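The values are calculated or read from the model by the stated rules, or taken from the named source; none is laboratory data. Since the model is a prediction, treat every value here as computed from it, not as a measurement. Every residue, glycine among them, receives a Cβ derived from its backbone with ideal geometry; neighbour counts consider all protein chains shown.
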Amino acid sequence: MNPFPDFSRRRFLGNVTTGLVGISLQQLLAKESVTGSAPHFPAKAKRVLQIFCPGAASHMDLWEHKPMLEKMHGQPLPGEENMVSFQGKNGPLMKSPWPFVPAGQSGKMISSMLPYMAQHIDDIAFFHGMHSKTNTHGPGCVFVNTGHPTEGFPSAGAWTSYALGSMTDNLPTYVAIPDIRGEPPNGKANWSNGFLPARHQAIVMAAHQPIRNLSTPNSVSESEEKTTRDLLGFLNQRHAGKRPAETELQARMSAYELAARMQLSAPEVSDFKSEPQHIHKLYGTDSSNSLKSAYAENCILARRLLERGVRYVNLYCSSRASGVDGLLNWDAHKTLKPDYERHCPVFDQPTAALLTDLKQRGLMEDTLILWTTEFGRMPTRQDGTAGRDHNPDGFTLWMMGAGVKGGTSYGATDDFGRRAEQNPTTIWEFYSTVLHLLGLDYNQLSWYHNGLDRRLTDVHGHLIREILA
């Protein structure tokens, strides 16, 4: 029985020439739609690496030195002696368990727990006055990734994919690399396409998650494989042509076509054994710490993706919260010192190596690096513990690379790290600046959805010129 009753053999052969022309035209049109539109003005950056540390990494224990915490350690926080925060009553002020040390020519003070990252301090622009709309991990992660605290909105990577499109035919435009410990809070909503066409969502890849079913079975010849793909392409385009409004159908077809091309490109990009030994040593893939070696391999994967034309890479260091606070991510409610003595060595050397590697290969000239987390932590210890509670009122993010003035600090929290005090900054201003470096006007980048022109920066944002080179 013919499975295509309206599609006889004679009719198929008669239309094959015009059909192939149609396929070619469709592919050209698809290519045009995928490559995005031209930037609004000359761009400094072509690609973005966004490093995310889920769990609300503590600003005053990593990036922002607070001498008053050391001076008033053990005393009540002035004006908030009976403060109740996310998990309850707070105790007295708690200094960082580790000293801060000057780094680089700028002498910027940084935690002594980050000796490798200290080597890059003069290239980093810090945003010390960040504050958030939420103090809950899931909404907080989604807010920092999408500019909205609720799910259903496109991530920054999806917006970049939509605006600028792909730089390569054989790899995704946008890749998310989850940590070996698991996905971040709220999972895939952090790299969702939201209401943008489905092809702009991230493809998930990781060193510990090899892509399955890439090899063609031995029983299928190369000619059979090609002929089958040609026929499927013809039928798919014919089917999709009758349903032009179904973007998920188009995205599914594009995903399968990309998957076919990735049969050749993905094994190569994931081939860590081809990296010389000095690179493995630089990143720390040989570490006896299995978490560190796994993250180091993901850092190498991130570099290999970026140098092969992937437009936007999300790289995660830690995962969602566990039953024990601070075990799987930076959420150190009860035991900050042992928690961060677990997390900092995992993060420090591989991340610094990735930055060094990008710089040595000349990629830093047109790559924008972002370091993000969902919010900060309190300068006090939680009552009855040696950890810190959530603090959405003050925290640090940073960026470096293409178009960024290194060795700068914009904004600051108060003397204790409690609240953003100087040049308070939201994620909307942060992303306004990111888009500017990509050659995009944050006011013009929009998508009509539910009666509104939606933007990554919502109805807010302004450019932070002080950190531009």
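Please determine, by comparing only the residues of region 167-180 that are in contact with a strand residue (DSSP E or B) (Cβ under 9 Å, 6 or more places away or on another chain) and not hydrophobic (A, V, I, L, M, F, W, C), which one is farthest from A45 (Cα to Cα).
Pass one, region 167-180, residues in contact with a strand residue (DSSP E or B) (Cβ under 9 Å, 6 or more places away or on another chain): 167, 171-180.
Of the ones still in play, those that are also not hydrophobic (A, V, I, L, M, F, W, C) are 172-174, 178-179.
Working: P172: 18, T173: 15, Y174: 15, P178: 24, D179: 26 Å.
Only one residue fits best here, namely D179.
Would you please list the contacts, defined by Cβ atoms under 6 Å and residues six or more apart or on different chains, that run from a residue in region 45-61 that is charged (D, E, K, R) to a residue that is assigned to a loop (DSSP other than H, G, I, E, B)?
R47/R311; D61/S96
I'm checking my understanding of the structure. Among residues of region 87-100 that are surrounded by fewer than 16 Cβ atoms within 10 Å (Cβ to Cβ), out of contact with any Pro (no Cβ under 7 Å at 6 or more places or on another chain) and not basic (K, R), which one is farthest from N391 (Cα to Cα)? Steps first, answer last, please.
Of all residues in region 87-100, those surrounded by fewer than 16 Cβ atoms within 10 Å (Cβ to Cβ) come to 88-89, 92, 97, 99.
Now drop any that are not out of contact with any Pro (no Cβ under 7 Å at 6 or more places or on another chain), which leaves 88-89, 97, 99.
So of that shortlist, the ones also not basic (K, R) come out as 88, 97, 99.
Details: G88: 12, P97: 18, P99: 22 Å.
That would be P99.
Looking at the structure I just gave you, is L69 over 21 Å from the mean Cα position of the chain (by Cα), of a type outside the set (K, R), surrounded by 19 or more Cβ atoms within 10 Å (Cβ to Cβ) and at pLDDT 95 or above? Lay out the reasoning, then the answer.
On the way: over 21 Å from the mean Cα position of the chain (by Cα): yes; of a type outside the set (K, R): yes; surrounded by 19 or more Cβ atoms within 10 Å (Cβ to Cβ): yes; at pLDDT 95 or above: yes.
Answer is yes for this residue.
From the list P3, P97, P78, which one is at pLDDT 95 or above and either out of contact with any Phe, Trp or Tyr (no Cβ under 6 Å at 6 or more places or on another chain) or at positive phi (or both)? Quick ask: steps written out before the conclusion?
Details: P3 fails: at pLDDT 95 or above; P78 fails: at pLDDT 95 or above.
So the residue among P3, P97, P78 that is at pLDDT 95 or above and either out of contact with any Phe, Trp or Tyr (no Cβ under 6 Å at 6 or more places or on another chain) or at positive phi (or both) is P97.
Looking at region 380-394, I want the residues that are assigned by TED's automatic domain parsing to the domain that holds W330 and within 15 Å of M60 (Cβ to Cβ) and have a partner that is among the acidic types (D, E) and surrounded by fewer than 22 Cβ atoms within 10 Å (Cβ to Cβ) with Cβ atoms under 8 Å, at least 6 apart or on another chain. Which pairs are those?
G387/D325; G394/D414; G394/E421
Checking D339 against (1) within 26 Å of I427 (Cα to Cα); (2) surrounded by 22 or more Cβ atoms within 10 Å (Cβ to Cβ): exactly one of these is not met. Which one?
(1)
Quick check: is even one residue across region 126-140 assigned by TED's automatic domain parsing to the domain that holds L49, within 13 Å of the chain's Cα centre (by Cα) and not polar (S, T, N, Q)? Full working, then the answer.
Of all residues in region 126-140, those assigned by TED's automatic domain parsing to the domain that holds L49 come to 126-140.
So of that shortlist, the ones also within 13 Å of the chain's Cα centre (by Cα) come out as none.
No, the conditions are met nowhere in region 126-140.
Within region 373-396, which residues are of a type in the set (V, I, T) and buried (at least 24 other Cβ atoms within 10 Å of the Cβ)? Spell out the reasoning first.
We begin by selecting, within region 373-396, every residue of a type in the set (V, I, T); these are 373, 380, 385, 396.
Of everything in region 373-396, those that are of a type in the set (V, I, T) and buried (at least 24 other Cβ atoms within 10 Å of the Cβ) turn out to be T373, T380, T396.
Only one residue in A321, A332, A296 is over 26 Å from T134 (Cα atoms) and not in a strand (DSSP E or B). Which one?
On the way: A321 fails: over 26 Å from T134 (Cα atoms); A332 fails: over 26 Å from T134 (Cα atoms).
The conditions single out A296.
Could you look through region 432-457, keep only residues that are in contact with a helix residue (DSSP H, G or I) (Cβ under 6 Å, 6 or more places away or on another chain) and either of a type outside the set (S, T, N, Q) or at pLDDT below 95 (or both), and pick out the one that is nearest to H131 (Cα to Cα)? It would help to see each step written out before you state the result.
Just the residues of region 432-457 that are in contact with a helix residue (DSSP H, G or I) (Cβ under 6 Å, 6 or more places away or on another chain), to begin with: 440, 442, 445, 456-457.
Keeping just the survivors that are either of a type outside the set (S, T, N, Q) or at pLDDT below 95 (or both) gives 440, 442, 445, 456.
Numbers: L440: 24, Y442: 20, L445: 24, L456: 17 Å.
That would be L456.
Going by what's in this entry, would R304 be described as modelled with pLDDT of 95 or more and surrounded by fewer than 22 Cβ atoms within 10 Å (Cβ to Cβ)?
Considered against the rule, which asks whether it is modelled with pLDDT of 95 or more and surrounded by fewer than 22 Cβ atoms within 10 Å (Cβ to Cβ), R304 comes out as yes.
What about L368, is it under 19 Å from the mean Cα position of the chain (by Cα), in a helix (DSSP H, G or I), hydrophobic (A, V, I, L, M, F, W, C) and buried (at least 24 other Cβ atoms within 10 Å of the Cβ)? Steps first, answer last, please.
Working: under 19 Å from the mean Cα position of the chain (by Cα): yes; in a helix (DSSP H, G or I): no; hydrophobic (A, V, I, L, M, F, W, C): yes; buried (at least 24 other Cβ atoms within 10 Å of the Cβ): yes.
Judged against the criteria, L368 is not a match.
So which residues in region 385-419 are among the hydrophobic types (A, V, I, L, M, F, W, C) and within 24 Å of A118 (Cβ to Cβ)? Give the derivation first.
Of region 385-419, the ones among the hydrophobic types (A, V, I, L, M, F, W, C) are 386, 395, 397-400, 402, 404, 412, 416.
F395, L397, W398, M399, M400, A402, V404, A412, F416, listed by residue number.
Yes/no per residue for (1) in contact with a Lys or Arg (Cβ under 8 Å, 6 or more places away or on another chain); (2) of a type outside the set (V, I, T):
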| site | (1), (2) |
| --- | --- |
| L301 | no, yes |
| E307 | yes, yes |
| G326 | yes, yes |
| D331 | no, yes |
| T335 | no, no |
| L354 | yes, yes |
| G362 | no, yes |
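Would it be correct to say that S270 is closer than 26 Å to S192 by Cα, free of Cβ contacts under 8 Å to residues at least 60 places away in the same chain, out of contact with any Asp or Glu (no Cβ under 7 Å at 6 or more places or on another chain) and of a type in the set (S, T, Y)? Lay out the reasoning, then the answer.
Details: closer than 26 Å to S192 by Cα: yes; free of Cβ contacts under 8 Å to residues at least 60 places away in the same chain: no; out of contact with any Asp or Glu (no Cβ under 7 Å at 6 or more places or on another chain): yes; of a type in the set (S, T, Y): yes.
Spelling it out, it is not the case that S270 is closer than 26 Å to S192 by Cα, free of Cβ contacts under 8 Å to residues at least 60 places away in the same chain, out of contact with any Asp or Glu (no Cβ under 7 Å at 6 or more places or on another chain) and of a type in the set (S, T, Y).
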